1. What percent does the relative contact order of the chain come to when contacts are Cα pairs within less than 8 Å and at least six residues apart?
2. Students often get this wrong, so check it: of 15/235; 88/164; 88/240; 15/177; 42/206, which have C-alpha atoms separated by over 24 Å?
3. What is the antiparallel percent of DSSP beta bridges lying wholly in the chain, to the nearest 5?
4. For a Förster distance of 35 Å, can you work out the FRET efficiency between the beta-carbons of residue 300 and residue 221, rounded to the nearest 0.05?
5. Expressed as a rounded percentage, what relative contact order does segment 33-124 have, with Cα pairs under 8 Å and six or more residues apart?
6. Near residue 238, which aspartates and glutamates are there with a Cα under 20 Å away, not counting those fewer than 8 places off in the same chain?
7. What distance in nm lies between label points placed 7 Å from Cα along the C-beta direction at residue 196 and residue 145?
8. With a ≥ b ≥ c the root eigenvalues of the C-alpha gyration tensor of segment 88-280, is it rounded (a/c under 1.5), prolate (a/b larger than b/c) or oblate?
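Just so it is clear, none of the values below were taken in a lab; they were calculated from the coordinates. This structure is a prediction, so every number in the text was calculated from the model and none was measured. Cβ sites come from the backbone with ideal geometry, for glycine too, and all protein chains shown count toward neighbours.
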Amino acid sequence: MKEWLEFAPAWVLLKFVGTLPRPVARALAVVTVRILLFVAPKLKRVAMFNLQIAFPDWSDARRKQTIGTMARYLAWQAVEFARFPRYKRSNIENVIEIEGHENFLEAQRRGKGVLILTGHIGAWELSSFAHAVYGYPMHYMARPLDNARLDAFVNRYRELSGNKPIYKNESARAVLKTLHGGGIVGILADQNTLPEEGTFVEFFGKPACTTTGIARLALHTGAPIVPGYAYWDEKARKYKLRFDPPVELIVTGNSEQDIRENTQRFAQITENIIRQFPTQWVWLHARWKTRPKGEPPLYDFL
């Protein structure tokens, strides 16, 4: 019963938003997200705290403005997700264009598969969906939602363009198989990680526990890593799916050192992207929650 009570409203809302004209749907979604943030003040406190860490020289007014703009972009992405059934090769360019695709194609030509280094920036759901619509389906790393019905529904939308999920409990074998077959795997590498799954690297000047999975995969398989992310271009009035040049790996022969140094490099790349688009990263996540041994918690208000 609980699953149905969670699933039914989500299904109705997504279907309803998907039928609305895009400007109307966006306006409705923005109001909804701002109401949700109003009734969940802890999320706003997390965002303010994170912005204080990342941009200590900013005023509180600027931080609040950043959170407000971030809420708008989150709402817009929700609308794009609801509209996935509408997007085809014939109309996708009206919504999102590709920049730097030669960087992705160069990596693909190496024949070892491609790892896409990405994060919760701009329209991350749209980025992988659109790239598949353009003709390059991929596998994406996913954590199953607690509600099985909702999880299946969300993934049906994600898979409309040909993408396929790889769940955490099957990740290693499935990822290796995909890469050995020349496939593409997208990994969100910007969230807090448990100590047994990551390592501490500098992120906005503060140690952050970060997944080592992408470094281990790249070093083991030789698959090139291409940073990819979708951001809203205000001038063009559409999203841009940007691919940067493949990241050159650090290989010294010391396995653990290589894993840590490459993870630090990936974190720095992610930080640079966020600094370029600070209003388009999801500041609501407790990114620095896991602390090095002996350090006190940072989010003691949660």
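1. Once divided by the residue count of the chain, the mean separation gives 24 percent.
2. 15/235; 15/177
3. Antiparallel bridges make up about 40 percent of those DSSP assigns within the chain.
4. FRET efficiency, residue 300 to residue 221: 0.30.
5. For segment 33-124, the relative contact order is 28 percent.
6. Cross-link targets: 80, 93, 97, 99, 125.
7. According to this spin-label approximation, the distance is 2.8 nm.
8. Rounded is the answer for segment 88-280, as its axis ratio a/c remains below 1.5.
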